[in-house]
Structure formats: structure tokens, C-alpha cells
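Notes for the one structure printed next.
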Amino acid sequence: MSDKGKRMLYSLIIAVVIFTPVILFGSGFFGVTSERVLDGVEVLGVPLGGLNKAEGVIRLGEVEKNLRASRVLLRHEDQTWPLPLDEVGLNLNKEAVMDQALQAGKNGSFIKRWQDRRMLQKTGLSLTPFIEYDHEKLAQKVYELTEDIIILPQDATFKINSDNTVSVVPAKDGIGIDLERLEKDINASLTAGHNQEVTLNLVPVAPSRSTAFVASMGVNGLLSTYTTWFDPSVTGRSYNVSVAARAFDELLIMPGHEVSFNDVVGPRSTEAGYKNAPVIVNDELVDGPGGGVCQVSSTLYNSILLANLEVVERTCHSLPVSYVPIGRDATVVYELIDLKFRNNTDSYLYIKAYISGGSLTFNIYGNTDYKRDVTISSWVTRVIEPQVIYETDDSLPEGDEVVKREGARGYIAVAERVVRNNGVIEKREMLPASDYNAVNKIIAVGTAVQDVPQIAPSTPGEVTGDDDESD
């Protein structure tokens, strides 16, 4: 090739190198399109080409609406269940889809972008949708539909034997749905756009408390028991006693853990299901929600004492109560007055509550290595005589007296716990003192002055009936 031909060839190559990008950019192939999706990009069959992010989010909102209106058929062997996607918290992450769509064909080197855009023009690009679910709603709905094939796991627990020894009831695995796999399979089914059917994958479900864990708790026998009595015919009070006691039934307490009665039982209100029954307010019995709960706390307090557990907080009633000896009651008021105790053993405690007829019993089980012979004594150290209060009452005749409230003595009482091990005293402990108020006697004294009937005087010569005589 002559020198002139070579120069022409070199000039042609340089022109191609220089002007090809200009032609491509000028033609729009590599135009400034970063704010809009390139043609050929779509998701679930819906084209997104030419849309900016805000426009794309609006269009994807319609896609999300259609997805929520659809159903997926769940299958297990020969059983099927339609799963409505509007009940499982389906959400199309529209922002994430648009971010992916706007990047299509715009990343990488000049050659890669050119190749990607050629592919968009030829075959298009179907994006994977970012579909998410409310995990709790999905699990609840799936388990509602498939309850016939679900087996719930059983936690290991304790069995109380007739001799008050304790055995471990082994845990059992359950069978559930692989929900993580199910979400992926539903999305794959929706992306495919046809035959929206998903085969369920069953998986073993482990219990939350294994046999080995419960056996390691060290609970093997009875540490203490205490029973009080109530009148079952007083239905409101009996109901409240039952509700509060059930809150403690089968309660497990870790070593060293402090227990609050109020935290376990919760608020005593009509909203919480409690009924009106007599409660002590300002040294008087009045009806209020939760009447009877203090019998539960007092019964538990005595069982705690007999189990040789540490009492952290206890308050007596303002008046003595009939269901436990004086000095051995424990009143509670939600968020104000609490009964607290601590598991001061190195093993777990297990509480059982029993209600039968008119009796309430708390049994505390634990490691019998900590069982001791415990006796509780209580006695009155001071008697407080009530005062007599006279109150005027203008509704009573002057000088009349009526007893509006009978008085009652108050007391200062103390209690002692003695702990023995094989007959030898290990501990002698004074328990929190009890101060019961005297109730003053109130007598109403009448102040109303009665009008005296006036008798009209007789006129001269008039004979009254009383003076009438017969000849």
C-alpha cells in the first residue's frame, strides 16, 4: 500500500474512533438517561421504560394492588388451601424496584453498557420484584389454614406425683411450615406469573423448653404448702381469688430471681376481668374491683415463709383479716403496695395453685436439699382501744343516740420464723411487724327540736268531753 493509502486508512480509523461515540451519544444510544428507565425494562410484565422514579413508584403501586388482590394455592399432598395475599401484609418495595430499574444498562465500562443496551433492545429485562410480607400475619394465616397438618411442640414440664415428688415430663417436637422457604416460593410463583401454586415444606419444630433443660432445674419435691379458706357462695370474691391464683400456677422462678406479686398478677380492674367484691379502704369494707386478691397474696406469703424463702417486701392490712393468723397477712395494691420475695436457693422453684370449693392452696416445689422444718409464730404486743366519737345529727330527735359504726380494737403484732435442720435451729428470724389500726366507735346524737302540740283554751261555760258527767 502506498504512503498515500496508508495515510487515508489511518485518517479513517481516527475518524471512526472520534466520531462513533459522538454519533452514538447524538443518536441517544448513550444519551443522558440516568433519571429515566431505559426501554425494555419491566417487572411482572409491567413496562417501566421511560419513567422516572416518582412515575415508576406510582405505576408499581398498581402492581402492588393487583398482587394483594391475588391468591396463591398452598398444597400438601392431596390437600390445598387458598392463601389471600391481602391478609398476609404483602408489600412491594417500590423504591428498591425503581432503584434497580434506573440502573439497568447504565453500569460498567463503555463496552458493557453498549452490550447491555443492545440486549435490552433485543430481549428486554425482567426485574425480580422485591416482595416482602408481615412475618407474623403470614405465619398466623398459614397456621390457621393448615392446622390439620400442624403438630404443636410440647415443652418439657413437671408432673406432681401423689407423694409430692416431682418427675419431668419429656418434651416433644412438633411439625410446622418452613415459612422462610414459603416466602421465597410464593415470590417465585408470583414472578412466574402462572400456576400460582406452592408446595408446603414441613419441618420439625423444637419446643422452647427441652427435656434436658427442665431436668437441670433441680426441682424434685415439695418445699412448702399453705391453705386458706373462703366462702364460695360470695361469687365475685371467689372469682377474683381464682383469677389471681391462676396467674401463679406453674410459675417457674430462676435461682436468685426476685418475684413481684403485682408484676405477675397485673392490674386488678374490671377491664382486666375482675369483679366487684369487698375490699378494705380507709379502715372500712367497701365494694371494689379485685376484692379477694389479698387473700391470694396472704396465702402465698405464708407458703413463702414456710419454704424458707427470702421476703423482700411485705405490708400488713390496716385491719386484721380472718383467713390467716394475726401478723401473717400481706396486702397488695397495684402500683402502690407489693409483695416481693426472692428465690434464695441455687435451683429453680415451681409454684402450683389449687382452688377447690372454698379452699386456696399454694404449693412451692424445688430442690429438697433446701427443704427445712419451718415454724411461724405470731402474737400481739399491744392492744389499741378504740375511741368513742360523737357526731351531731339533725335528722334525729334531740337527745337520741344511734350507733353509726361499731368500734374495733387495733393491734401491734409481731411474727417470728424459726428454721430447723434435723432438729437443730439454723435460723431464728423476726418477720416484718404488723400495725393494725383501731376503728373508732361513732355515735350519732340527735339535735332536731320537736314542736310541742298547742291546745286551744276553753271558753267560759263550755263543757269539754272529758268533763262530761251523767246524772
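The values are calculated or read from the model by the stated rules, or taken from the named source; none is laboratory data. Because the structure is a prediction, the values reported are computed rather than measured. Here Cβ is always computed from backbone atoms with ideal geometry, including for glycine, and neighbour counts include all displayed protein chains. Surface areas here come from the heavy atoms of the whole protein model, side chains and all, with no ligands, DNA or RNA. Shrake-Rupley method; radii C 1.70, N 1.55, O 1.52, S 1.80 Å.
May I ask you to order 62-68, 319-325 by the average number of other C-beta atoms within 10 Å around their residues, highest value first? The partial results should precede the final answer.
Numbers: 62-68: 14.9, 319-325: 16.7.
My ranking of the peptides, most packed first, is 319-325, 62-68.
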Check: With each pseudo-label sitting 7 Å past Cα toward Cβ, what's the residue 139-residue 433 distance in nm, one decimal?
Finding: 5.4 nm
Item checked: Backbone N under 18 Å from the residue 91 label point (7 Å along Cα→Cβ), restricted to segment 56-76 -> 57-58, 60-69
Next item on the list: Run the quick spin-label model on residue 375 and residue 196: label points 7 Å from Cα toward the beta carbon, then report their separation in nm to one decimal.
Entry: 7.8 nm
Note to self: Over 19 Å between Cα atoms: which of 53/184; 53/112; 159/352; 172/352; 112/184; 65/122 fall into that group?
What the structure shows: 53/184; 53/112; 172/352; 112/184; 65/122
Next item on the list: Post the alpha-carbon centroid distance, segment 86-101 to segment 297-360, in whole angstrom.
Entry: 55 Å
Checklist line | Amide H contacts of residue 400 (H built 1.01 Å from N, under 5 Å, at least 5 apart or other chain) | finding: 446
Notebook entry, point to check: When the solvent-accessible surface of protein heavy atoms is calculated with a 1.4 angstrom probe, in what order do 406, 310 fall, highest first?
Noted result: 406, 310
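Taking 56 Å as R0, compute the FRET efficiency from the Cβ-Cβ separation of residue 270 and residue 106 and round it to 0.05.
Values: r = 64 Å, r/R0 = 1.15.
Taking R0 as 56 Å, the efficiency between residue 270 and residue 106 is 0.30.
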Checklist line | Accessible-area value, residue 392, 1.4 Å probe, nucleic acids and ligands omitted, Å² | finding: 120 Å²
Check: Taking θ as phi - 60°, what are the ³J(HN,Hα) couplings along segment 159-167 by the Karplus curve (6.51, -1.76, 1.60), each to the nearest whole Hz, with x for Gly and Pro?
Finding: 10, 8, 7, 4, 9, 6, 7, 10, 10
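Considering only protein heavy atoms, what per residue accessible area in square angstrom results for segment 353-425 with a 1.4 angstrom probe? Could you put the intermediate results ahead of the total?
Values: 4320 Å² over 73 residues.
Result: 59 Å² of accessible area for each residue.
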Check: So what is the relative contact order of segment 319-416, in percent, for Cα pairs below 8 Å that sit 6 or more residues apart?
Finding: 29 percent
Checklist line | Nearest-0.05 FRET efficiency for residue 447 and residue 385, computed from C-beta distance (R0 41 Å) | finding: 0.90
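Determine the relative contact order of segment 54-203: mean sequence separation of Cα pairs under 8 Å and six or more apart, normalised by residue count, in whole percent.
Details: 180 pairs, mean separation 34.5, N = 150.
About 23 percent, as a whole number.
Per 0.36 nm of contour for each residue apart, how much would the distance between residue 149 and residue 118 grow if the chain were fully extended, relative to their Cα-Cα spacing?
On the way: separation 31, 0.36 × 31 = 11.16 nm, distance 5.10 nm.
Roughly 6.1 nm would be gained on extension.
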Notebook entry, point to check: What is the distance, in nm, between label points placed 7 Å from the Cα along the Cα-to-Cβ direction at residue 242 and at residue 210?
Noted result: 3.9 nm
Next item on the list: With θ set to phi - 60°, apply the Karplus curve 6.51 cos²θ - 1.76 cosθ + 1.60 along segment 241-257 and write out the HN-Hα couplings as whole Hz, x wherever there is a Gly or Pro.
Entry: 4, 5, 4, 5, 5, 5, 5, 8, 5, 6, 6, 9, 10, 5, x, x, 7
Notebook entry, point to check: Whole-Hz Karplus ³J(HN,Hα) for segment 120-133, in order, using 6.51 cos²θ - 1.76 cosθ + 1.60 and θ = phi - 60°, x for Gly and Pro?
Noted result: 4, 5, 7, 10, x, 9, 9, 7, 7, x, 8, 9, 10, 9
Next item on the list: For residue 384, list long-range residues whose amide hydrogen, built 1.01 Å from N in the peptide plane, is under 5 Å from its own amide hydrogen.
Entry: 410, 411, 412
Checklist line | Full-stretch length increase - residue 39, residue 76 - with 0.36 nm per residue and alpha-carbon distance subtracted | finding: 9.2 nm
